């Protein structure tokens, strides 16, 4: 998962907030910076692998810091922010869309945390707001001294089009109330995902990084919202070469669960306690195999060994599209069985996992003559074969009947007589040394094509039996 | 697109009504040259030929079908109806009739439109097809019936599309046709009988008005606009020779498809095999395959989008990337979407070459040339089982960059994992597609889980926590036979042989484990070795008591070890086993995580507790069988009382205790601390 923090630098953020009963006062921007620091500190402890980027905006939007795990760098950069003009939201969304896309393509879930002034209740609901072009949501933290007038106008903190929601700190604004709201966001957003990985009786407590998201798939007739269960059940194994490249929704590191808040001694002990997860990884890597696991009743994933570079190898969960047909060439996942005895009976199954009952058009000889060139190419083909008779007699007649059948289906009657003309012309043009059978066959085919019966789909034109050769009919 | 349109798309059911009246038998006046052969000088070239308007229309319809069914083998249904003096349907909604070959066959028997013979009783008209089309639209498809039967919250909406190909004189005649169609729809909606038919919620009517190329037509195009709550109308007027192109343009909109042109495919020349030239091939696929490209940098996207010549849609040009010999495919996990493709010009030589290349099992990488001249691999074409797919490849960075290695985590420092044994285990448990469909009572996934459970009932993770798995020269084939569902009498004999050979080895006082020359002191004493081995073997056999024959092997062990008291117990158990098998033929499940299992007993020599932790089983007593049965019986009658609410919400902690947070509404830090 990745996070974008968007900080408002409009003039309104310059406003001073006096802390009651003390002489201290802070600008809204200082409070914002404080909040970001709280968030980064949380990540440094609980979600070290999170990538964070920072953008600043006013009437325009700039990328202050692209995606990084170096939280100290971000902290240093946000201390030196300068004020600009007025707040304007559409450019922020655009910039973030572009930033996320150029960095991650569209396969990564990205949280956007926006810190702005009280104007957001109205500003983010304007019709010119475009949605994010990546999976993720927007969390808006408005910093304002008094409860916004607009806040009461909208009964919900949800933003339109599923953009995200607004969560405001408690009033009065103090560094601690701001810290609290950021802690709350961090706790709600960066929840480590713990699960149990099971293979029969073998199991391992694991953590998935980044946490998997629930997924909503809209297909014809149904909208499926799927959530991953806390038990990942291996249902069998496949050779990696058979899995090939199915579409993947997301990928997650599978780490054996480690217990936080414990002393280093027990950590050491844990490193030496055997873990099924590590065994599985080792075997998958050595054998170059893939484990298929069930994520929830109608959702499947693959476990593979994956290396970022040659040294650091890891177990990875590939989440497939929900449904049982996520790997079309293996057929319905529910129809995969483990029984090796059956395999011996029908080895055909092994090589061709799911036979498609109907071949696709490009896999069979279907004639399409919408473009003139298509028809002409087919005619040229039979003329070429005609000249090479008697060698090509079987293929000539096969091709001729194919064209004839298509012409009948399309009711293209003129074509047959026209081809007859062409064959006769070809016959009269034959050079001197041609085999006599060639002329006989051409004349025969032309006569057959002119007969009224030629339009009968059941008829097949067969070669003329001549004294010259025994033809192997196809 | 609204949610309802997405849930119930009009393209689920498409009906074509094609004019088969004598007028459509007329030539389209667009000629096709037939001048192929050399002829003597002064010779007259062969006369060009003309397609009839019917031929132009029907081949366009079939091309529409071809592309749709290539890309969506299921769920996108098309029916074709012809109309002259009566209407005729070429196919119905059933999947067996939804293929081009079926249609071609039926078209052959339909034949060309009749020559005009005045008939006082009945006119030739396209209108007869309207009623048939309406009747087809109210007829439920299998998918609609299945969804209706599911009783979801959302009521199934019957949305359809009808394309009429006919010839009208002017715009008022088009309006006339439309209102007749509308009336037929309203009429049909009145005669709906559940559950086989359902009223039409909405229909998108597309009228394609066509005419011979030589004349001009007064009918004007109209964009899609609502006529009533149930009908939208769209009109296209086009000469007959251009219907094919028009229909494939409409197809892209109807099914949300996009076009990709693979550019620069090197191909050998037909005439001169030593030289090669570059060709382009256009393919269609679902539009989502382009989302990544189009969402990225606007300038980059503009650089690859081009207008398709002679058509009113855009195509994305991606460059063919000559495959390198080995390892040219990206990682399996970088593929984000997958869609079927079909070539646009199926007969052209470049298309055929690309298709053959792909069907022969090779893959093609496609590169996107960016505005600045940079390249990035964006798609892969590849075939599986005779179907070609386009894969979108994620080119971005990955959030999984620089992860902690698995060797740094828990269990990472252990070196004695039984990796090779697990490899064998995986190979024994390969998933295979089966032809038999699963039925309600037969669920292959649950079967698979059950099988894996049996084979792992006793499965130590590391070599140092087991002896029997390190003594395969003695213990095989017993180890692999015992985990099977059923073992034959012969196999029981084989297992017994293994036990006998161990007994023989013990009597000869052989070393079970060859002493490690580097560290002889670490070796266990011979006596201890045998003791631990027998204990472990007993544990293993007890973990795998699935049938009577399984029990016989354990019985053999007891006999050999001279443990008569236990032998008697197992005999009794066997009796009970037989009885219960007679009562209930299903195989007894090996319930290993029973909370009733007796606590672990201390074992000698080897570190059994680690293994047990992994398998969470303690089959350490013959009483185990009894418990298994009790447990199983209890499952048949689950407790009727609902568990406490707190128990339902509770989380299992590492020590096995359940933990539920009380007073959850008080969401405060101090609270969490005190609960801890």
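Some points to look at:
- Failed criterion for residue A:280 (all others in (1) out of contact with any strand residue (DSSP E or B) (no Cβ under 6 Å at 6 or more places or on another chain); (2) at pLDDT below 85; (3) under 30 Å from residue A:135 (Cβ atoms) hold): (2)
- Residue match in the stretch B:397-416 (condition: more than 7 Å from chain A (Cβ to nearest Cβ), farther than 24 Å from residue A:253 by Cβ and out of contact with any helix residue (DSSP H, G or I) (no Cβ under 7 Å at 6 or more places or on another chain)): no
- Of all residues in the stretch B:91-116, exactly one satisfies the criterion of being without any contact (Cβ under 8 Å) to a residue 12 or more places away in the chain and assigned to a loop (DSSP other than H, G, I, E, B), namely B:111.
- Within the stretch B:75-84, one or more residues are in contact (Cβ under 8 Å) with a residue 40 or more places away in the chain and within 8 Å of another protein chain (Cβ to nearest Cβ).
Okay, residues lined up against (1) within 30 Å of residue B:104 (Cα to Cα); (2) modelled with pLDDT of 75 or more; (3) out of contact with any strand residue (DSSP E or B) (no Cβ under 7 Å at 6 or more places or on another chain); (4) not in a loop (DSSP other than H, G, I, E, B):
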{"position": "A:329", "(1), (2), (3), (4)": "yes, yes, no, yes"}
{"position": "A:343", "(1), (2), (3), (4)": "no, no, no, yes"}
{"position": "A:349", "(1), (2), (3), (4)": "no, no, no, yes"}
{"position": "A:354", "(1), (2), (3), (4)": "yes, no, no, no"}
{"position": "A:358", "(1), (2), (3), (4)": "yes, no, yes, no"}
{"position": "A:362", "(1), (2), (3), (4)": "yes, yes, no, yes"}
{"position": "A:369", "(1), (2), (3), (4)": "yes, yes, yes, no"}
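Yes or no, residue by residue, for (1) at pLDDT 85 or above; (2) over 24 Å from residue A:322 (Cα atoms); (3) more than 10 Å from chain A (Cβ to nearest Cβ); (4) not in a strand (DSSP E or B):
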{"site": "B:271", "(1), (2), (3), (4)": "no, yes, yes, yes"}
{"site": "B:290", "(1), (2), (3), (4)": "yes, no, yes, yes"}
{"site": "B:317", "(1), (2), (3), (4)": "yes, yes, yes, no"}
{"site": "B:336", "(1), (2), (3), (4)": "no, no, no, no"}
{"site": "B:339", "(1), (2), (3), (4)": "yes, no, no, no"}
{"site": "B:347", "(1), (2), (3), (4)": "no, yes, no, yes"}
{"site": "B:352", "(1), (2), (3), (4)": "yes, yes, no, yes"}
{"site": "B:365", "(1), (2), (3), (4)": "yes, yes, yes, no"}
{"site": "B:380", "(1), (2), (3), (4)": "yes, no, no, no"}
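- Looking across the stretch B:128-166, just one residue is in contact with a helix residue (DSSP H, G or I) (Cβ under 6 Å, 6 or more places away or on another chain) and part of a loop (DSSP other than H, G, I, E, B), and that is B:156.
- Selected residue (criterion: surrounded by the most Cβ atoms within 10 Å (Cβ to Cβ)) from residues of the stretch A:192-201 that are within 9 Å of another protein chain (Cβ to nearest Cβ) and touching a strand residue (DSSP E or B) at 6+ places or on another chain (Cβ under 9 Å): A:199
- Scanning the stretch A:212-238 for residues that are free of Cβ contacts under 8 Å to residues at least 60 places away in the same chain, under 25 Å from residue B:449 (Cα atoms) and more than 7 Å from chain B (Cβ to nearest Cβ) yields A:214, A:225, A:230, A:231.
- Residue within the stretch A:285-297 that is closer than 21 Å to residue B:410 by Cα, more than 7 Å from chain B (Cβ to nearest Cβ), in a helix (DSSP H, G or I) and modelled with pLDDT of 80 or more present: yes
- Condition check for residue B:71: out of contact with any strand residue (DSSP E or B) (no Cβ under 8 Å at 6 or more places or on another chain), in contact (Cβ under 8 Å) with a residue 12 or more places away in the chain and within 10 Å of chain A (Cβ to nearest Cβ): no
- Some residue of the stretch B:385-392 being under 24 Å from the mean Cα position of the chain (by Cα) and free of Cβ contacts under 8 Å to residues at least 40 places away in the same chain: yes
- Note on the stretch B:243-269: residues that are in a helix (DSSP H, G or I) and in contact (Cβ under 8 Å) with a residue 24 or more places away in the chain amount to 11.
- Failed item, numbered, when residue A:377 is tested on (1) within 10 Å of chain B (Cβ to nearest Cβ); (2) surrounded by 19 or more Cβ atoms within 10 Å (Cβ to Cβ): (2)
- Evaluating residue B:102 against the criteria (1) on the phi < 0 side of the Ramachandran plot; (2) more than 26 Å from the chain's Cα centre (by Cα); (3) within 12 Å of chain A (Cβ to nearest Cβ); (4) surrounded by fewer than 20 Cβ atoms within 10 Å (Cβ to Cβ) leaves one unmet condition, (2).
- Reported count of residues in the stretch A:103-125, each being over 14 Å from residue A:12 (Cβ atoms) and buried (at least 23 other Cβ atoms within 10 Å of the Cβ), is 7.
- Each residue in the stretch A:423-454 was checked for being within 13 Å of chain B (Cβ to nearest Cβ), out of contact with any helix residue (DSSP H, G or I) (no Cβ under 6 Å at 6 or more places or on another chain) and within 17 Å of residue A:413 (Cβ to Cβ), and 1 pass.
- From the list B:63, B:59, the lone residue that is under 27 Å from the mean Cα position of the chain (by Cα), within 11 Å of another protein chain (Cβ to nearest Cβ) and surrounded by 20 or more Cβ atoms within 10 Å (Cβ to Cβ) is B:63.
- A count restricted to the stretch A:70-79 and to residues that are touching a strand residue (DSSP E or B) at 6+ places or on another chain (Cβ under 6 Å) and either modelled with pLDDT of 90 or more or surrounded by 15 or more Cβ atoms within 10 Å (Cβ to Cβ) (or both) stands at 1.
- Checking each residue in the stretch A:27-65 for being within 20 Å of residue B:398 (Cβ to Cβ) and loosely packed, with under 14 Cβ neighbours inside 10 Å picks out only A:48.
- The stretch B:487-518, residues that are within 14 Å of another protein chain (Cβ to nearest Cβ) and either at pLDDT below 75 or part of a helix (DSSP H, G or I) (or both): B:491
- Restricted to strands (runs of 3 or more DSSP E) entirely inside the stretch A:16-70, those with at least 2 residues that are within 14 Å of chain B (Cβ to nearest Cβ) are A:51-57, A:61-68.
- Close contacts from the stretch B:119-131, counting a first residue that is under 13 Å from residue B:19 (Cα atoms) and a second that is assigned to a loop (DSSP other than H, G, I, E, B), with Cβ to Cβ under 6 Å and a gap of 6+ residues or different chains, come to B:124/B:21; B:124/B:84; B:124/B:85; B:128/B:86.
The values are calculated or read from the model by the stated rules, or taken from the named source; none is laboratory data. These numbers come from a predicted model, not from an experiment. Ideal geometry is used to build each Cβ from the backbone, glycine not excepted, and the neighbour counts take in all protein chains shown.
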